[in-house]
Structures are given as structure tokens and as C-alpha cells.
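Enquirer: To start, I am sharing the structure in question, which I have written as C-alpha cells.
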Amino acid sequence: MTDQHPTKGQLIAGRVLSGLVILFLLFDAGLKLVAPEVAIKYSPPSLGWPLDVPTMTMLGSLLLIPTLLHIWPRTAILGAILITGYLGGAIATHTRIGSPLFSHILFGVYLGLMLWGGLWLRDPRLRALIPLRAGASQ
């Protein structure tokens, strides 16, 4: 395994990607926790989730905790794994109700790619675990 540190460009790109995802996730979790009535008002009734304050609080907590874990470098990979699970639930929910593919169903995939891409660019441990190599594999 290599312990190659990221280049300055990789570090900047990784921080930008990670920052965008983190800001979105914190906003989403915060809205569900601080103003659950607003989150309920703008949630489509067809999602199949109870649209009430306890549900919004639970969903907000289930998103905030892994996002905070992801922010701290020491637990960033654990946070990314837990966020990926949360996003999988969102993808499944939108698939089940027949939401539009590119704007709703795949939105969780887009966030997941940005989340893991940003982490991969910033963290040499993850690059060592998941090396991307050009050309034929050995």
C-alpha cells in the first residue's frame, strides 16, 4: 500500500466536493430538526413516510450524526459509510414511488459520488484501499 499524500490540486478539489456535500447535508438535517413543520410542508405526501414532527426529527438526527462524523477527519470514512446508507434509503423511497430518474432517484447517487470522490481525493488511506489505475490491472 502507498501512503501518497494528495497533491495541492487533489486536496482543493476534495475539499470543495466534500464541502458542497456537507453543506447540503447539514442544511437538510438542520431543516428537519429546527423547522420540522417547514420540512413537512415541502415534503411530497406520496413518499410513504409519516409527515409528522417525530419522523422529521428522527430523519434529521439520522442524517446529522453521520454528517458530523464525516466532518471529523478521524471518523470521515465511518461517516461516509453511514451517509451512504441514508442515501440508499432515499434512493429506494424515490424508486418505490416512481419519482423522476435523473432529478430525484439519482440525486442520492450524485451526492454519494461527490461524498466519496471528495474523500478519495483528500484521504491517502482511501486511495490506498481503492486505487484507481490507468491501463490494464495486474
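The values are calculated or read from the model by the stated rules, or taken from the named source; none is laboratory data. A quick note: this is a predicted structure, and the numbers were derived from the prediction, not measured. Note that we place each Cβ from the backbone using ideal geometry, even for glycine, and neighbour counts take in every protein chain shown.
Enquirer: Is it the case that Thr84 is touching a Gly at 6+ places or on another chain (Cβ under 9 Å), polar (S, T, N, Q) and at pLDDT below 95?
Expert: no
Enquirer: May I ask you to verify whether Gly14 is touching a Lys or Arg at 6+ places or on another chain (Cβ under 6 Å) and under 17 Å from Arg125 (Cα atoms)?
Expert: When the stated conditions are applied, Gly14 passes them.
Enquirer: Report yes if some residue within region 118-126 is in contact with an Asp or Glu (Cβ under 7 Å, 6 or more places away or on another chain) and in contact (Cβ under 8 Å) with a residue 24 or more places away in the chain; otherwise report no.
Expert: Taking every residue of region 118-126 in turn, at least one turns out to be in contact with an Asp or Glu (Cβ under 7 Å, 6 or more places away or on another chain) and in contact (Cβ under 8 Å) with a residue 24 or more places away in the chain.
Enquirer: Do you know which of the residues in region 111-138 that are within 19 Å of Leu64 (Cβ to Cβ) and aliphatic (A, V, I, L, M) is surrounded by the most Cβ atoms within 10 Å (Cβ to Cβ)?
Expert: Filtering first and then ranking leaves Leu115.
Enquirer: Which helices (runs of 4 or more DSSP H) sit wholly inside region 10-122 and have at least 1 residues that are closer than 30 Å to Leu132 by Cβ and polar (S, T, N, Q)?
Expert: 53-71, 76-96
Enquirer: So Gly14 clears everything in (1) at pLDDT 95 or above; (2) of a type outside the set (A, V, I, L, M, F, W, C); (3) surrounded by fewer than 16 Cβ atoms within 10 Å (Cβ to Cβ) except one condition, right? Which one?
Expert: It is condition (3) that Gly14 fails.
Enquirer: So Gly108 ticks every box in (1) out of contact with any His (no Cβ under 8 Å at 6 or more places or on another chain); (2) surrounded by 13 or more Cβ atoms within 10 Å (Cβ to Cβ); (3) within 19 Å of Pro44 (Cβ to Cβ); (4) not acidic (Asp, Glu) but one. Which box is left unticked?
Expert: Only one criterion in (1) out of contact with any His (no Cβ under 8 Å at 6 or more places or on another chain); (2) surrounded by 13 or more Cβ atoms within 10 Å (Cβ to Cβ); (3) within 19 Å of Pro44 (Cβ to Cβ); (4) not acidic (Asp, Glu) is unmet by Gly108, namely (1).
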